[in-house]
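Colleague: One structure follows; several queries about it will come next.
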Amino acid sequence: MIKCIIIDDEEMATKVIATHLENVLDFKIVGVFHSAVEAFLVLDDLEVDVMFLDIQMPKMTGLSMLKMLKKRPLTVLTTAHREYALEGFQLEVVDYLLKPIGLNRFLQTISRLKRLLSKNVDDPDTGKSEISNHSDEHEELDHIFVKSERAFLKIDFSTILHIEAIKNHIKIVTTKGTHISLMPISEFEAKLNPSDFIRIHRSYIINMNLVKRFDTNSVTNEKGVFPIGRSYKEIVRDLLAKKLIR
């Protein structure tokens, strides 16, 4: 059984996560806290595998609490603010979920958590434990099948240059060609690895590995130049710099 806690000062936010967890086998909520201070004072006495942690809370932020913990559970940050993503990943959080948190995106995080927990099993005799078995079922793939016209096409994530939203469709531009699919861009974004892909605009997601140039206002790949949305600028700049500049 994977033991988790939820820390968020908004009661509705804790209920959303708790409801999502009802769809997941093997996860048990062992605590719900409405302040980081309250959680920090009892964490040493709790056996916790996973922590769903809000950032903006009164008296103490989630990030401040995370820095103070001597022993950290696997942590998923939950927030309505994009600008904390870089600091969160520097603290080695597992994932960064933007509110409102959809079920599909949440289940992607659960897959990552299960895989990490299965790798932490020290005894090889327990390597095929219940946790490990469920992790295998949700192993992240290196490709996706999308419906384009009347067929399902296999697209390798590594070949995707960018994705563009066109009303209720998306245009997937790869190094091998372009495909149009009836799917909201947010749904496709949930299937991508956030360490490789980043939303730079309400209409564009780019593959950071295939970027040729970027500045404060735009990102360039082999197919063109794409604008960075005003509300995305800080996080895009920081994450691209962290990813691409050695």
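Colleague: Find the percent of Cα-Cα distances in the chain that exceed 32 Å, and round it to a whole number. Could you put the intermediate results ahead of the total?
Modeller: Details: 8033 of 30135 pairs.
Of all Cα-Cα distances in the chain, 27 percent exceed 32 Å.
Colleague: For residue 156 and residue 26, what does the FRET efficiency come to when R0 = 35 Å and r is the distance between their Cβ atoms, rounded to the nearest 0.05?
Modeller: 0.70
Colleague: Using the heavy atoms of the protein chains and a 1.4 angstrom probe, tell me the accessible area per residue for the chain in square angstrom.
Modeller: On the way: 13640 Å² over 246 residues.
Using a 1.4 Å probe on heavy atoms only, each residue of the chain averages 55 Å².
Colleague: Roughly what % antiparallel, to the nearest 5, for the DSSP beta bridges in the chain?
Modeller: Restricted to the chain, the bridges split so that about 60 percent are antiparallel.
Colleague: Further question on the same structure: For the stretch 144-217, state which GluC sites (Glu not before Pro) are in a DSSP loop and have at most 14 other beta carbons lying within 10 Å of their beta carbon.
Modeller: Filter output for the stretch 144-217: 149.
Colleague: At 1.4 Å probe size, with no ligands or nucleic acids counted, give the accessible surface of residue 12 in Å², nearest ten.
Modeller: 130
Colleague: Something else now. Take residue 223 and residue 87, extend 7 Å from each Cα along the Cα→Cβ direction, and tell me the distance between the two endpoints in nm.
Modeller: Distance between label points: 3.5 nm.
Colleague: Under 27 Å Cα to Cα from residue 59, which lysines show up? Leave out anything in the same chain fewer than 8 places away.
Modeller: Partners within reach: 3, 15, 67, 70, 71, 99.
Colleague: If I model a spin label as a point 7 Å beyond the Cα along the Cα-Cβ vector, how far apart are those points for residue 176 and residue 71 in nm?
Modeller: It is 4.8 nm.
The values are calculated or read from the model by the stated rules, or taken from the named source; none is laboratory data. Model, not experiment: these values are computed from the prediction. Please note: Cβ atoms are built from the backbone with ideal geometry, for glycine as well, and neighbour counts cover all protein chains shown. To get the accessible areas, we keep the full protein, side chains included, count just its heavy atoms, and leave off ligands, DNA and RNA. Shrake-Rupley method; radii C 1.70, N 1.55, O 1.52, S 1.80 Å.
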